[in-house]
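The values are calculated or read from the model by the stated rules, or taken from the named source; none is laboratory data. Quick caveat: nothing in here was measured; it's all calculated off a predicted structure. Cβ sites come from the backbone with ideal geometry, for glycine too, and all protein chains shown count toward neighbours.
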Amino acid sequence: MICVLIGRGRHSSAIDEWEAAAAAGAELVEVRADCLRRDPDLKRLLAQRFTPLVFTMRRSIDGGLYRGDEEKRQRLIREAIVLGVDYVDLEMDIAAKIPRFGKTKRIISYHNLKRAPEDLADIHAKCAELNPDIIKIAVNASSLADVSRVLKIAAESKIPTIAIAMGELGAFTRVLGAKYGAPFTYAGFNPERNFAPGMPMFMTLKKGYQYDLIDKETETYAVIGDPIGHSLSPAVHNAAFRHVGINKVYVPIQVPAGRLKESLEELAWLNIRGYSVTIPHKEAIIPLLSKADGAVERIGSCNTVVLQGDEKIGHNTDYRAAMDSLEEALGGPGATEDVSPLLNKQVLILGAGGVARAIASGLSRRGAGVIITNRTDQRATELAQEVGARTVAWSARAGTSHDILINCTPVGMHPDVDDTPMPPAGYKQGAIVFDTVYHPENTMFLKLARERGCTTITGVDMFVRQAALQFQMFTGRDAPVDLMREVVKRQLGPHRDY
């Protein structure tokens, strides 16, 4: 179950938002009375109950807005209990002062906005002695070791426990809590009001993650990177899992650079069955693999890991997706497996990073003539030597002849949507122009290409293809490609078109 937080300055606004949340499908609401600008009128506030509710009067020390007299706050909590609220949130230091009464269930909570104390297990044990129905632990995590400790407390607790590691590092605990016995999780409803770092919106949890379908049998998959909050992969894979009716969930995990090995060890008990791997870990993951496919070995980059027993098997679906996109634009694969329509095509690649390496390697294997240009000449030279390509200076890119032009730089990515890595004079009529940037889908780079009579391939096409290949590896089933493409376009929203 998902508990929607309602916290407004006026009684009427709080009541209206509560009603709206119920209409949107909320089954439980936490009314944050500490957000009201004047003393709560509980009879008015609770006169019409649109859903079951958690009554909370949060102090500033615990992340709330109440700064008044503590005795007065506790009187209001007692009044809410007498009025028969479904749940009341009691901080562990006051819980002994407020006895159980009626049918109101007790949430005994501990909040620490600064850190995750080493004695968190002892704190949980003390909460368990305060006559709880539910224990809530919400702490600020500074490492994935902290996050792991927090979630493990819920997994091992005999009392239903909501264990939240606040912040981006612990955002996935708000989803996976359902797998480890949490009676509910918390979500925002009004996007203009942020109650805690890392808290998702109600519809993201309800529809995006299908939170209410997660149980102890749900298999976990993840995308790992740093940063990771922008990733479209959770929305795409969760929609695909749901579409084919399999009990899996896919979460984003922020793994800091330089902490990959330790992080995977700290999270090993979660039994994650597959990873999508993004920047900056595509190269660092390789030494941790049990085996890797040929593309990973050639390119030195891995974006997909599938776990089979204790083995971690690495793949590169970026490589295959890019080649498939280009070959389809040229009329499909060649007449035989040994002949590609890319044979003898002249390809100019802008950029010399990981994506450029994968694409350049694939093109070279298919017999294309590859030319690499980069703002830093040395990086272009190093990549060219690796894949058997040649280079041109960045300043000469517009005058370089080509059949295919590929942008492997981040130039033109949201929010800098008016930028382009190629001046208008650099486009050749009839060429194929491919942008690996997918946010927005129709970049300025591609807009200029279309205006000059070029055939274009969007980053969305490559992204969906690589995600579909990952889905097949994760599930053994064909991917619902059209659905995945629709989800990506919906997630990109207003940045989709010019």
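Key figures for this structure:
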| quantity | calculated |
| --- | --- |
| In region 188-206, residue modelled with the lowest pLDDT [restricted to those that are surrounded by 18 or more Cβ atoms within 10 Å (Cβ to Cβ) and in contact with an Asp or Glu (Cβ under 8 Å, 6 or more places away or on another chain)] | 198 |
| Residue among 314, 367 that is farther than 21 Å from residue 409 by Cβ and within 28 Å of the chain's Cα centre (by Cα) | 314 |
| Boolean, residue 292 is surrounded by fewer than 22 Cβ atoms within 10 Å (Cβ to Cβ), outside the structural domain of residue 166 (by TED's automatic domain parsing), modelled with pLDDT of 95 or more and under 17 Å from the mean Cα position of the chain (by Cα) | no |
| Lone unmet requirement of (1) touching a helix residue (DSSP H, G or I) at 6+ places or on another chain (Cβ under 8 Å); (2) closer than 21 Å to residue 429 by Cα for residue 401 | (1) |
| From the options 321, 284, residue that is part of a helix (DSSP H, G or I) and of a type outside the set (Asp, Glu) | 321 |
| Output for region 178-199, where each listed residue is assigned to a loop (DSSP other than H, G, I, E, B) and more than 16 Å from residue 140 (Cα to Cα) | 181, 182, 183, 184, 189, 190, 191, 192, 193 |
| Given (1) surrounded by fewer than 14 Cβ atoms within 10 Å (Cβ to Cβ); (2) closer than 15 Å to residue 55 by Cα; (3) within 32 Å of the chain's Cα centre (by Cα), index of the condition residue 114 fails | (2) |
| Selection within region 147-177 - among the hydrophobic types (A, V, I, L, M, F, W, C) and in a strand (DSSP E or B) | 162, 163, 164, 165, 166 |
| Selection count, region 99-119, where residues are out of contact with any His (no Cβ under 9 Å at 6 or more places or on another chain) and either among the polar types (S, T, N, Q) or outside any loop (DSSP other than H, G, I, E, B) (or both) | 8 |
| Count - residues of region 373-419 that are in contact with a Phe, Trp or Tyr (Cβ under 6 Å, 6 or more places away or on another chain) and in a loop (DSSP other than H, G, I, E, B) | 2 |
| Matching entry among 77, 61 (being among the β-branched types (Val, Ile, Thr), farther than 26 Å from residue 16 by Cα and either in a helix (DSSP H, G or I) or not assigned by TED's automatic domain parsing to the domain that holds residue 197 (or both)) | 61 |
| Only one of 306, 249 that is surrounded by fewer than 17 Cβ atoms within 10 Å (Cβ to Cβ) and assigned to a strand (DSSP E or B) | 306 |
| Of residues in region 210-231 being crowded, with 21+ Cβ neighbours inside 10 Å and under 11 Å from the mean Cα position of the chain (by Cα), the one modelled with the lowest pLDDT | 228 |
| Residue in region 34-42 that is of a type outside the set (A, V, I, L, M), under 23 Å from residue 182 (Cα atoms) and in the same structural domain as residue 189 (by TED's automatic domain parsing) present | no |
| Within region 274-289, tally of residues that are surrounded by fewer than 18 Cβ atoms within 10 Å (Cβ to Cβ), more than 14 Å from residue 228 (Cβ to Cβ) and under 17 Å from the mean Cα position of the chain (by Cα) | 0 |
| Residue match in region 120-129 (condition: buried (at least 21 other Cβ atoms within 10 Å of the Cβ), outside any loop (DSSP other than H, G, I, E, B) and in contact with a Pro (Cβ under 8 Å, 6 or more places away or on another chain)) | no |
| Region 232-246: number of residues that are small (Gly, Ala, Ser) and surrounded by fewer than 21 Cβ atoms within 10 Å (Cβ to Cβ) | 2 |
| Residue check, residue 295 touching a strand residue (DSSP E or B) at 6+ places or on another chain (Cβ under 8 Å), farther than 18 Å from residue 468 by Cα and in contact (Cβ under 8 Å) with a residue 12 or more places away in the chain | no |
| Residues of region 32-67 classified as in contact with a helix residue (DSSP H, G or I) (Cβ under 9 Å, 6 or more places away or on another chain) and under 30 Å from residue 116 (Cβ atoms), total | 15 |
| Tally, over region 219-246, of residues that are in contact with a Pro (Cβ under 6 Å, 6 or more places away or on another chain) and in a helix (DSSP H, G or I) | 3 |
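Yes/no matrix, rows are residues, columns are (1) in contact (Cβ under 8 Å) with a residue 60 or more places away in the chain; (2) within 23 Å of residue 136 (Cα to Cα); (3) not acidic (Asp, Glu):
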residue	(1), (2), (3)
29	no, yes, yes
35	no, yes, yes
50	no, no, yes
60	no, yes, yes
63	yes, yes, yes
82	no, yes, yes
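Here's the yes/no breakdown for (1) part of a helix (DSSP H, G or I); (2) assigned by TED's automatic domain parsing to the domain that holds residue 244; (3) at pLDDT 95 or above:
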{"residue": "449", "(1), (2), (3)": "yes, no, yes"}
{"residue": "453", "(1), (2), (3)": "no, no, yes"}
{"residue": "469", "(1), (2), (3)": "yes, yes, yes"}
{"residue": "472", "(1), (2), (3)": "yes, yes, yes"}
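Here's the yes/no breakdown for (1) of a type outside the set (Phe, Trp, Tyr); (2) within 17 Å of residue 194 (Cα to Cα); (3) within 34 Å of the chain's Cα centre (by Cα); (4) surrounded by 18 or more Cβ atoms within 10 Å (Cβ to Cβ):
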site	(1), (2), (3), (4)
24	yes, no, yes, no
32	yes, yes, yes, yes
39	yes, no, no, no
44	yes, no, no, no
67	yes, no, no, no
